[in-house]
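Here is the structure we will look at, set down as structure tokens.
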Amino acid sequence: MAGFLKVLFRNVLEGPSTDPFPLGATFTPDRLRGRARINPELCMGCGICHNSCVAGAINITHLPDGSGYTITIWQNSCCLCASCRHYCPTGAMSITSDWHSAHPDTDKYDRLEQHTIKYEPCAGCGTLMRPIPAALAKRLYAATPHLDPEKIRHLCPDCRRQEDAKRNAGIVTATTTETVAAREIVSAAPTKY
């Protein structure tokens, strides 16, 4: 009996040794998979996140007037697999470490993240399109310093191809075939020839 009282007295003096979660903050690991989030500045609306989502928690709906799209993440359906983050080519999808997802059943339809992203007109032809994110454009065109990524990112794919063809045609028609072979053809595309 004395041994029990000794342990009891020591535990009373030291305080609780369990996690204080319901009454206080708790430790959260850095790589814990919590809620899925989207950065609307980086989202291109390509739909890879929608197609890779096993649970069907991501939906992309184009606006009826064609001026943009709405991307919706249903947090209640998300299975925290992080495949959306893994396959997103622009890095727009992320998984936070916020694991507090307990909610009453009546709130399950309110647990969503939704962004409406508008298209911008192309700087070349005026067609509505989504510009390439600035960070991605700088990374794609880092090997061609004479091209301005800020201008290229505001061109639609057709205008980018036309600008690329004009640049390459100017090099080919202005020189003979011997000098063309010696010169490197510069392209707006991120690939090297």
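For segment 128-145, give me each residue that is within 24 Å of LYS118 (Cβ to Cβ) and not charged (D, E, K, R).
Passing the criteria: LEU128, MET129, PRO131, ILE132, PRO133, ALA134, ALA135, LEU136, ALA137, LEU140.
Hey, can you tell me all the residues within segment 129-163 that are in contact with a helix residue (DSSP H, G or I) (Cβ under 6 Å, 6 or more places away or on another chain) and outside any helix (DSSP H, G or I)?
Those that are in contact with a helix residue (DSSP H, G or I) (Cβ under 6 Å, 6 or more places away or on another chain) and outside any helix (DSSP H, G or I): TYR141, ARG153.
Mind listing whichever residues of segment 109-119 are in contact (Cβ under 8 Å) with a residue 12 or more places away in the chain and either closer than 16 Å to ILE60 by Cα or surrounded by fewer than 13 Cβ atoms within 10 Å (Cβ to Cβ) (or both)?
TYR109, LEU112, GLU113, GLN114, HIS115, THR116, ILE117, LYS118, TYR119
Kindly provide the set of residues from segment 123-156 that are touching a residue at least 40 places away in the same chain (Cβ under 8 Å) and closer than 23 Å to ALA92 by Cα, ordered by number.
LEU128, ARG130, ILE132, PRO133, ALA135, LEU136, LEU140, TYR141
List the residue pairs whose Cβ atoms are under 7 Å apart, where the first residue sits in segment 62-77 and is in contact (Cβ under 8 Å) with a residue 40 or more places away in the chain, the second is of a type in the set (Val, Ile, Thr) and surrounded by fewer than 16 Cβ atoms within 10 Å (Cβ to Cβ), and the two are 6 or more positions apart or on different chains.
Within 7 Å, the pairs are LEU63/THR70; GLY68/THR116; TYR69/THR61; THR70/THR61; THR70/THR116.
Restricting to segment 12-46, name every residue that is modelled with pLDDT of 85 or more and surrounded by 10 or more Cβ atoms within 10 Å (Cβ to Cβ).
Within segment 12-46, ARG35, ALA36, ARG37, ILE38, ASN39, PRO40, GLU41, LEU42, CYS43, MET44, GLY45, CYS46 qualify.
Within the group LYS108, LYS118, which residue is under 25 Å from ARG161 (Cα atoms) and either among the charged types (D, E, K, R) or assigned by TED's automatic domain parsing to the domain that holds CYS156 (or both)?
LYS118
Under 8 Å between Cβ atoms, at least 6 apart or on separate chains: pull out the pairs that start in segment 43-59 with a residue that is in the same structural domain as LEU112 (by TED's automatic domain parsing) and end on any residue that is assigned to a helix (DSSP H, G or I) and among the small types (Gly, Ala, Ser).
Taking only residues 6 or more apart or on different chains, the pairs are SER52/SER83; CYS53/SER83; VAL54/SER83.
Of all the strands (runs of 3 or more DSSP E) wholly in segment 29-91, which have at least 1 residues that are in contact with a helix residue (DSSP H, G or I) (Cβ under 7 Å, 6 or more places away or on another chain) and on the phi < 0 side of the Ramachandran plot?
Filter on segment 29-91 gives 36-38, 58-62.
The values are calculated or read from the model by the stated rules, or taken from the named source; none is laboratory data. Note that the structure is a prediction, hence the values are computed from the model and not measured. Cβ atoms come from the backbone with ideal geometry, glycine included; neighbour counts cover every protein chain shown.
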